[in-house]
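Colleague: Pasting in a structure now, in structure tokens, and then I'll have a few things to ask.
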Amino acid sequence: EQLVISRFPLYLIILVKVFCYWVSVGLPLIIIFPIIALFLEININVIGTICLSLIIGTISFSFVGILGAGLVLGAKKSNYIVMLLIIPLTIPILIFGVSTTNFALNDLPTEATIYLQCMALSFLIAVVPVITSKAIKIYVE
């Protein structure tokens, strides 16, 4: 409630919270991935592409998680609602990320799948803060 009545716009607060969540959860995964990739004997030329895909994918998952959390505020059986809302949004991100990894490992061009991941991320950046801020305002009232 304090964040809703603050002088900052709620969508900006949500963007900062998503970024902070990503820094605490997604960034350590991306930092540790090159070390794990060397243990798995993944080609060094591919590691950069997969790291880029991980960056885009983890940020997208952070936005989807915040959207799901914001939409189920006050629901009694929120576990089922979250699954129904989040799974359709995460499947395209997973498909594009796995496709990027497969293309990179097979020395195929990965630009198209990375562009599709960026498209999904751009959509989430534009839509999620607005929807989540409206849902929080409705819950507070």
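The values are calculated or read from the model by the stated rules, or taken from the named source; none is laboratory data. What you are looking at is a predicted structure, and each value in this text was computed from that prediction instead of being measured. Every residue, glycine among them, receives a Cβ derived from its backbone with ideal geometry; neighbour counts consider all protein chains shown. To get the accessible areas, we keep the full protein, side chains included, count just its heavy atoms, and leave off ligands, DNA and RNA. Shrake-Rupley method; radii C 1.70, N 1.55, O 1.52, S 1.80 Å.
Colleague: List every residue pair whose Cβ atoms sit under 7 Å apart, with the two residues 6 or more apart in sequence or on different chains, where the first one lies in segment 65-88 and is polar (S, T, N, Q) and the second, anywhere, is open to solvent by less than 40 Å² (accessible area, probe 1.4 Å).
Modeller: Close Cβ pairs (under 7 Å, with a partner that is open to solvent by less than 40 Å² (accessible area, probe 1.4 Å)) amount to SER78/VAL72.
Colleague: LEU105 versus (1) out of contact with any Phe, Trp or Tyr (no Cβ under 8 Å at 6 or more places or on another chain); (2) within 18 Å of ALA69 (Cα to Cα); (3) open to solvent by 40 Å² or more (accessible area, probe 1.4 Å): which is the lone unmet condition?
Modeller: Of everything listed in (1) out of contact with any Phe, Trp or Tyr (no Cβ under 8 Å at 6 or more places or on another chain); (2) within 18 Å of ALA69 (Cα to Cα); (3) open to solvent by 40 Å² or more (accessible area, probe 1.4 Å), LEU105 misses just condition (2).
Colleague: Here's another thing I want to ask about it. Quick one: in segment 75-93, of everything that is in contact with a helix residue (DSSP H, G or I) (Cβ under 8 Å, 6 or more places away or on another chain) and open to solvent by 60 Å² or more (accessible area, probe 1.4 Å), which residue is farthest from LEU54 (Cα to Cα)? Full working, then the answer.
Modeller: The first filter runs over segment 75-93 and keeps only residues in contact with a helix residue (DSSP H, G or I) (Cβ under 8 Å, 6 or more places away or on another chain), leaving 75, 81-82, 85-86, 89-90, 92-93.
If we keep only those that are open to solvent by 60 Å² or more (accessible area, probe 1.4 Å) too, we end up with 81, 85, 89.
On the way: ILE81: 27, LEU85: 22, LEU89: 17 Å.
For segment 75-93, the residue satisfying everything is ILE81.
Colleague: Could you tell me whether ALA135 is open to solvent by 40 Å² or more (accessible area, probe 1.4 Å) and among the hydrophobic types (A, V, I, L, M, F, W, C)? Lay out the reasoning, then the answer.
Modeller: Values: open to solvent by 40 Å² or more (accessible area, probe 1.4 Å): no; among the hydrophobic types (A, V, I, L, M, F, W, C): yes.
So ALA135 does not fit the description; no.
Colleague: Tell me whether segment 40-52 contains one or more residues that are free of Cβ contacts under 8 Å to residues at least 12 places away in the same chain and closer than 21 Å to LEU124 by Cα. Give the steps one after another, and end with the answer.
Modeller: Step one: of segment 40-52, the residues free of Cβ contacts under 8 Å to residues at least 12 places away in the same chain are 40-41, 44-45, 48.
Now narrow it down to the ones that are closer than 21 Å to LEU124 by Cα: none.
The answer is no, given that none of the residues of segment 40-52 is free of Cβ contacts under 8 Å to residues at least 12 places away in the same chain and closer than 21 Å to LEU124 by Cα.
Colleague: Within the bounds of segment 35-43, is there any residue that is over 30 Å from ILE14 (Cα atoms), in contact with a helix residue (DSSP H, G or I) (Cβ under 8 Å, 6 or more places away or on another chain) and not hydrophobic (A, V, I, L, M, F, W, C)?
Modeller: Yes: one or more hits.
Colleague: Right, something else. Which of the residues belonging to segment 1-42 are polar (S, T, N, Q) and either in a helix (DSSP H, G or I) or open to solvent by less than 60 Å² (accessible area, probe 1.4 Å) (or both)? First the steps, then the outcome.
Modeller: Of the residues in segment 1-42, the ones polar (S, T, N, Q) are 2, 6, 24.
Those that are polar (S, T, N, Q) and either in a helix (DSSP H, G or I) or open to solvent by less than 60 Å² (accessible area, probe 1.4 Å) (or both): SER6, SER24.
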